[in-house]
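Right, one structure below, let's go through it.
Each value in this text was obtained by applying a stated rule to the coordinates, not by laboratory testing. Note that the coordinates shown come from a computational prediction; the quantities given were computed from them, not determined experimentally. Ideal geometry is used to build each Cβ from the backbone, glycine not excepted, and the neighbour counts take in all protein chains shown.
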């Protein structure tokens, strides 16, 4: 191994992510028989491994392409067929090259060309491409240097402009060495711009406005911990709320990173400061984010600003109930549905299966008769408005809808599935497919609502999830809401921490509706965390179970229906 004098360490490094001076780069260059990775072959490989300006090793070899080398390529590179006739093939070279690259950030000048050939060679000869992080010095030069300063980003032009010690010669190792010098020269210019880690370097390559970069000091005090951050404007208004597993790293990406959304760039320009809330673990951060979004409704966030945004299907409170779509649920409601259209479709499906009336006309007093609607003429309504049904005979429909919501019966699903089969047998395939998709949506939403409702019914649940470092993420859930969260790190007994969290947990009183007043999005987030791999129940105030007749029993049917839908679309 050849060593060179140490390159001067870059100044003002922020210990964020992996500092550039601690990052191992492998700079690679290839010579090939042509420009197409799918049909041309590699004739020479050169790679240089460096860290903090110090040469760690070099890799260089000619490669037998097992084909002729075009005359123009021989003229450009000087590599002839005689030179490569006894060289190893790429199949023999790849294992050693992949080992040399292992764990490093890969650098190449016009990286798409070199990486494309290496990836194609791996695919062609049965090797797994390791998907390393890649830095292209052409793109980096275009970001660091102006067009006036560097009209051309060819390797020879940049070497001359930046005064590198080595010059390219169209041979792989010489060009890789020249690219190392170009890389170091470009990295020296990034320190004053706040690009101090390999993560920031990779995020810096896309365009970042000067206005964004000038605000990077707003992230100076943020900790490297999970939590929620709030961008505030000049009048202290909350502009944007987000969550991160590493607050400092995430917020700095807004100033030196790859954010391309115009509205977020505008938000960063307006921001006057960044507040933050450190959380015990990502689940607490996600729940706090939802609550802050609902409290502040920041103009630059597009989601989750209304915790009551779902739609519900409920039975009206009258002698002959019908299904109504509402915003605020009550006991026995079906949902929540993500849109009014989805709720209307579900109401229509349940109405078809139960015979509930859909018209809104007033039921006349005893002894009077109304005019039946068109649905009655089609046999889809018992026409209580015309006196053809009394309360007793009509009551079976509302009871079936209530049993569906409570998870006591799946008879509604059975009737709708029978309807799909009847339409298919009658070769009315388009209508059968539409009814099938409507039933799929209904089963999914009802099933999700029943699972969340089962969680919301619990007065208290304590659970633990591995934190990935030998410790435990801990939560206390009360009626579907996060009441307390904590962390027992490796070596700390978790049960005393649990006792403290339970004692300090928020008091949650159950509200009305299937979710006991819990926001559906928060309860759903908690449910996904509780059902993720590795989670353990520490304590539960009462048995946690879904109703026996819940929609969970239709999961196999859902899978078959979705598979059938994909197969139909693929055939067309």
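The figures follow:
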item: Relative contact order of the stretch 212-259, pairs being alpha-carbon contacts under 8 Å that are 6 or more residues apart, as %; result: 44 percent
item: Where the Cα pairs of the stretch 475-523 fall when distances are cut into 10 Å bins, in %; result: 26, 41, 24, 8, 0
item: The stretch 315-356-the stretch 494-557 distance, computed between alpha-carbon centres (Å); result: 25 Å
item: DSSP bridge orientation in the stretch 20-198 - percent antiparallel, rounded to nearest 5; result: 70 percent
item: Cβ crowding within 10 Å averaged over residues, with 219-228, 280-289 ranked highest first; result: 280-289, 219-228
item: Label-point gap, in nm, between residue 440 and residue 237 - each point 7 angstrom along Cα→Cβ; result: 4.3 nm
item: Taking 475, 313, 268 and counting other C-beta atoms within 10 Å, the order from fewest to most; result: 268, 475, 313
item: Part-to-part distance (alpha-carbon centres) for the stretch 150-173 and the stretch 106-122, which is given in Å; result: 19 Å
item: Helix-derived mean residue ellipticity, 222 nm - over the chain, DSSP H n ≥ 4, -39500 (n - 2.57), to 500; result: -12500 deg cm²/dmol
item: Estimated distance in nm for a label pair at residue 245 and residue 81, the labels positioned 7 Å out from Cα along Cα-to-Cβ; result: 5.4 nm
item: Where Rh is the Kirkwood radius over Cα pairs, Rg/Rh for the stretch 20-198; result: 0.97
item: Length added when fully stretched, residue 340-residue 448, from 0.36 nm per residue minus Cα-Cα; result: 37.2 nm
item: Highest average packing first - 454-467, 417-430, Cβ atoms within 10 Å; result: 454-467, 417-430
item: Mean separation of Cα contacts under 8 Å (6+ apart) over length of the chain, as relative contact order %; result: 9 percent
item: Value of Rg/Rh across the stretch 459-543 [Cα atoms, Kirkwood radius]; result: 0.98
item: Rh by Kirkwood over Cα pairs, then Stokes-Einstein D for the chain at 0.692 mPa s and 37 °C, µm²/s; result: 112 µm²/s
item: For 69, 90, order by how many other beta-carbon atoms lie within 10 Å, fewest first; result: 69, 90
item: The stretch 95-157: translational diffusion in µm²/s, Stokes-Einstein, Kirkwood Rh over Cα pairs, 37 °C, 0.692 mPa s; result: 250 µm²/s
item: Rounded to 10°, Cα long-axis angle of helix 494-504 versus longest principal axis of the chain; result: 50 degrees
item: Calculated over the stretch 206-296: convex hull of Cα atoms, volume per residue (Å³); result: 86 Å³
item: Distance (nanometres) between label positions extended 7 Å along Cα→Cβ at residue 89 and residue 390; result: 9.1 nm
item: Normalised contact order of the stretch 30-165, rounded percent, pairs of Cα under 8 Å and 6 or more residues apart; result: 18 percent
item: Protection-proxy order for peptides 520-527, 73-80, each taking the mean of Cβ atoms within 10 Å per residue, highest first; result: 520-527, 73-80
item: Tilt relative to the chain, helix 520-530 - C-alpha long axis, 0 to 90 degrees, to 10; result: 60 degrees
item: Cβ-derived FRET efficiency at R0 45 Å, residue 225 paired with residue 157, nearest 0.05; result: 0.50
item: Label-zone membership for the stretch 133-149, site residue 102, 7 angstrom Cα→C-beta point, backbone N under 20 Å; result: 133-134
